[in-house]
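Let me begin by presenting the structure, written as structure tokens, before commenting on it.
The values are calculated or read from the model by the stated rules, or taken from the named source; none is laboratory data. What you see is a predicted model; the values in this text were computed from it and never measured. For neighbour counting, all protein chains shown are included, and Cβ atoms are generated from backbone atoms with ideal geometry for every residue, glycine included. Quick note on the areas: whole protein, heavy atoms, side chains included, nothing else; ligands and nucleic acids left out. Shrake-Rupley method; radii C 1.70, N 1.55, O 1.52, S 1.80 Å.
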Number of protein chains: 2
Amino acid sequence: MAQQDRAIRTRRVILEAAASVFDDQGYDRATIAEVLERAGVTKGALYFHFASKEQLALAVLEEHVVDIAVEPQKIKLQEFVDAGQVLAFRLRSDPIQRGAARLAVEQGSNRLDRKRSMLSWTRFVEGLLTEAKERGEVLESIVVHETAELFVGAFAGLQMMSHALTNQADLCYRLTVFFEHTLPSVAVPAILAKLNLDPERGAKLDAALQGKVLAEAEAETGADASADADVALH
Amino acid sequence: MAQQDRAIRTRRVILEAAASVFDDQGYDRATIAEVLERAGVTKGALYFHFASKEQLALAVLEEHVVDIAVEPQKIKLQEFVDAGQVLAFRLRSDPIQRGAARLAVEQGSNRLDRKRSMLSWTRFVEGLLTEAKERGEVLESIVVHETAELFVGAFAGLQMMSHALTNQADLCYRLTVFFEHTLPSVAVPAILAKLNLDPERGAKLDAALQGKVLAEAEAETGADASADADVALH
């Protein structure tokens, strides 16, 4: 069990190192040697988890999508806004999010399928918007798939612009401006009036989520420790 | 004069070849050798106009911004929509637009200043929106600079997504969806009702503009010919 934990941790360290190299260098210029150096692991450890640079990039792109989960809210559209703001906030510092964003944005001189990442995000947004529409939060005129693709495409551009101009420092604010311009055409008025579009929300939610993850990890460790103690008693 | 014309034409041929290489390969992988091959010019001719790959890229980025000029309209916001739709249409086939888009989107592993292109576009959009606001077409609550940056950033992302999914075939349609979602938050209602957001508009306007450029070129050639004739008479 402890060995498995260590393997999971090592995998994560390698993934974060790879993501930060992709973020700085782009896919083409990234080298396994630099990933090894940043991760501080051996070649053997890396190749145990990932067969190639391409596998590393695909893993970064996958990790990226799985990473956004926000607290349930009374209004589904608020969860949608929250997911966007948490992602925008994490793009400032989370190596996985930053690396994945760059990989997704770069045009296909490499063999990575950039469509995958865009389609996964579209599915994610589409799921939230469909639920919101079923609850009557979204205007009848909205074609959910079109609106979902619009959000994903526009977000990619906004993060690119924010990266170029301020290294993502103003991305949460840009996202608020985007929501202010688009949500009046998406939400029914009574819901629109209740949405919280505060650009600081991403930071607060992220802190709360990190706290929760930590608490859960501690609870699990506690459980494991007592399980181990049980075993020791027998 | 004829020699100068030829130089201008050669410069344009090289620029288009370079843009198409940047579009296909990205900046890092692009080589002068491939530009020479596609342009069908000598090394000497290329270096007469451009000192380096970087100079070529900067020239492509500059050409790109200068290229969009639409017919004046009664409603200034319509000119704004039209400029967007013409650009979206040209991104399907115009090598300069495609090459410039890729150069602007790629993250700075090269020394190109990607900010320049974004800031030029922002100034362009800001100019149109400021005029529209002065005429009372834009809601008082709009902060023109924020809205301009939103349009430029979101457009970059939409063209990236359209490129990845359909090689730009659906970009005009995506832009219409974007306008439908945002213009109700930008335009005053009476103006909004009069805007033509037809995704086919870009193709029609481009054809009209190309026709106009051709007609002007022919008129100029005619004028030159008679000027030459005048000279010959003396």
Helices (runs of 4 or more DSSP H) lying entirely in the range B:128-220 (those with 3 or more residues that are within 22 Å of A:Phe155 (Cα to Cα) and open to solvent by 40 Å² or more (accessible area, probe 1.4 Å)): B:144-166
Test result for B:Asp23, in a helix (DSSP H, G or I), open to solvent by 10 Å² or more (accessible area, probe 1.4 Å) and in contact with a Lys or Arg (Cβ under 6 Å, 6 or more places away or on another chain): yes
Sole residue being among the hydrophobic types (A, V, I, L, M, F, W, C), open to solvent by less than 30 Å² (accessible area, probe 1.4 Å) and touching a residue at least 60 places away in the same chain (Cβ under 8 Å), chosen from B:Ala100, B:Ala104: B:Ala100
Scan of the range A:178-191 for residues that are closer than 27 Å to A:Ser162 by Cα and away from every other protein chain (no Cβ under 11 Å), ordered by number: A:Ala187
Scope the range B:50-97; condition under 20 Å from B:Lys212 (Cβ atoms) and of a type in the set (Ser, Thr, Tyr); matching residues: B:Ser93
Given (1) more than 9 Å from chain A (Cβ to nearest Cβ); (2) closer than 23 Å to B:His64 by Cα, number of the condition B:Leu150 does not satisfy: (1)
Meets criteria (assigned to a helix (DSSP H, G or I) and without any contact (Cβ under 8 Å) to a residue 60 or more places away in the chain) for B:Val35: yes
Selection from the range A:162-177 of residues that are under 21 Å from B:Val186 (Cα atoms) and either among the acidic types (Asp, Glu) or within 7 Å of another protein chain (Cβ to nearest Cβ) (or both): A:Arg174, A:Val177
Some residue of the range A:26-49 being modelled with pLDDT under 90 and open to solvent by 30 Å² or more (accessible area, probe 1.4 Å): yes
Output for the range A:71-93, where each listed residue is open to solvent by 30 Å² or more (accessible area, probe 1.4 Å) and closer than 23 Å to A:Met160 by Cα: A:Phe89, A:Arg92, A:Ser93
Flag if A:Ser93 is of a type in the set (S, T, N, Q), touching a His at 6+ places or on another chain (Cβ under 9 Å) and either more than 9 Å from chain B (Cβ to nearest Cβ) or assigned to a helix (DSSP H, G or I) (or both): no
